[in-house]
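**Q** Quick one: this structure, given as structure tokens, is what I'll be asking you about.
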Amino acid sequence: MRLDKLLANLGYGSRKEVKQLLKNGAVQVEGEVIKDAKRHVDPAAQTVTLYGEQVEYKEFIYLMMNKPPGVLSATEDPSGETVIDLLELEDQVYEPFPVGRLDKDTEGLLLITNDGQLAHRLLSPKKHVPKTYFAVIDGEVTEEDILAFGKGVILDDGYETKPGELVILKSGIRSDIELTITEGKFHQVKRMFESVGKKVVYLKRISMGPLKLDETLELGEYRELTEEEVELLKDYQVK
Ligand code: URA
């Protein structure tokens with residue numbers, strides 16, 4: 001990444017101010033004064049200092065977002081906004097990406113990190129990391145649905161899902177439910193309900209493995225994971 005961009009994104013001033021700092025000889029990379037704003041640096045591997053003070057750059061960043069509806073959980077979307085666009089520049093500088101996908105209209109817990117290894121472990125189909133969703137269903141969810149989901153249902157493309165744990169919170173012409181699944185097939189929750197003739201009208205993820213959605217986060221807000229949450233995720237082993 002360009003040195004001026006790095007420093008500006010980390011909050012050390014505007015691009016113009018940062019260029020002036022560089023011109024003044026205030027910035028060193030690996031102990032060498034660098035005045036060239038265009039110089040490319042790898043902040044994870046190289047030490048950058050400003051007036052002798054090390055520029056704070058951590059290797060990994062772990063963010064929890066309460067994803068709002070209407071944005072894509074991707075790093076790029078030519079036709080609209082992504083969850084990455086909602087991050088402050090000082091977080092974008094770490095080049096994080098969402099761990100797994102939520103549909104555009106789905107809300108709730110989204111982990112965003114640049115830790116590829118952790119993401120890989122959480123997403124691996126072999127690991128069966130449980131994900132719990134709260135949903136509002138158009139239709140009456142019944143004990144039969146609990147039994148059907150408990151065995152696994154056949155989706156529209158013939159795929160038989162792994163068992164899911166369905167809990168009915170409120171049953172009526174509109175039902176509130178929680179569903180825990182251990183896979184992440186495309187539109188899985190919506191398609192599981194379709195397989196029993198019902199429609200999901202609202203969907204929100206509330207947990208992923210040991211990570212629970214921080215309900216104090218408004219839609220579109222995010223925060224860094226606590227050290228404890230990061231440890232829980234790293235140590236997480238599915239039983
Ligand atoms: N299942 C869905 O149908 N959509 C999501 O966004 C996540 C799980």
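**Q** Can you tell me which residue within region 210-229, out of those that are of a type outside the set (D, E, K, R) and within 13 Å of the chain's Cα centre (by Cα), is farthest from Glu107 (Cα to Cα)?
**A** Leu225
**Q** Can I ask one more? Can you name every residue in region 111-130 that is in contact with a Leu (Cβ under 6 Å, 6 or more places away or on another chain) and either within 13 Å of Leu225 (Cβ to Cβ) or away from the ligand (no atom under 16 Å from the Cβ) (or both)?
**A** Ile112
**Q** Select from region 139-182 the residues that are surrounded by 15 or more Cβ atoms within 10 Å (Cβ to Cβ) and of a type in the set (Asp, Glu) and list them in ascending order.
**A** Asp145, Asp176, Glu178
**Q** May I ask you to verify whether Glu95 is in a helix (DSSP H, G or I) and modelled with pLDDT under 95?
**A** no
**Q** Which residue is farthest from Lys234 (Cα to Cα), if the candidates are limited to region 196-205 and must be more than 8 Å from the ligand (Cβ to nearest atom) and crowded, with 18+ Cβ neighbours inside 10 Å?
**A** That would be Lys198.
**Q** So, one more: When you look at Gln20, is it buried (at least 16 other Cβ atoms within 10 Å of the Cβ) and more than 30 Å from Val230 (Cα to Cα), yes or no?
**A** Considered against the rule, which asks whether it is buried (at least 16 other Cβ atoms within 10 Å of the Cβ) and more than 30 Å from Val230 (Cα to Cα), Gln20 comes out as no.
Conditions (1) acidic (Asp, Glu); (2) at pLDDT below 95; (3) within 14 Å of the chain's Cα centre (by Cα), marked per residue:
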{"position": "Gly80", "(1), (2), (3)": "no, yes, no"}
{"position": "Leu86", "(1), (2), (3)": "no, no, yes"}
{"position": "Leu89", "(1), (2), (3)": "no, yes, no"}
{"position": "Gly108", "(1), (2), (3)": "no, no, yes"}
{"position": "Leu111", "(1), (2), (3)": "no, no, yes"}
{"position": "Glu143", "(1), (2), (3)": "yes, no, no"}
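**Q** Can you find a residue that is within 16 Å of the ligand (Cβ to nearest atom), under 17 Å from Ile206 (Cα atoms), touching a helix residue (DSSP H, G or I) at 6+ places or on another chain (Cβ under 8 Å) and touching a residue at least 12 places away in the same chain (Cβ under 8 Å) anywhere in region 137-157?
**A** Within region 137-157, one or more residues are within 16 Å of the ligand (Cβ to nearest atom), under 17 Å from Ile206 (Cα atoms), touching a helix residue (DSSP H, G or I) at 6+ places or on another chain (Cβ under 8 Å) and touching a residue at least 12 places away in the same chain (Cβ under 8 Å).
**Q** Tyr133 - would you say it is more than 16 Å from the ligand (Cβ to nearest atom), crowded, with 20+ Cβ neighbours inside 10 Å and under 24 Å from Leu211 (Cβ atoms)?
**A** It is false that Tyr133 is more than 16 Å from the ligand (Cβ to nearest atom), crowded, with 20+ Cβ neighbours inside 10 Å and under 24 Å from Leu211 (Cβ atoms).
**Q** On the basis of being within 16 Å of the ligand (Cβ to nearest atom), surrounded by 19 or more Cβ atoms within 10 Å (Cβ to Cβ) and either in a loop (DSSP other than H, G, I, E, B) or basic (Lys, Arg) (or both), does Leu102 make the cut?
**A** Against the criterion (within 16 Å of the ligand (Cβ to nearest atom), surrounded by 19 or more Cβ atoms within 10 Å (Cβ to Cβ) and either in a loop (DSSP other than H, G, I, E, B) or basic (Lys, Arg) (or both)), Leu102 qualifies.
**Q** Something else about it: Which of the helices (runs of 4 or more DSSP H) contained wholly in region 110-219 include at least 2 residues that are under 23 Å from Pro96 (Cβ atoms)?
**A** It comes to 116-123.
The values are calculated or read from the model by the stated rules, or taken from the named source; none is laboratory data. Every value quoted in this text rests on a predicted model; they were computed, and no experiment measured them. Virtual Cβ from ideal backbone geometry, glycine too; neighbours counted across all protein chains shown.
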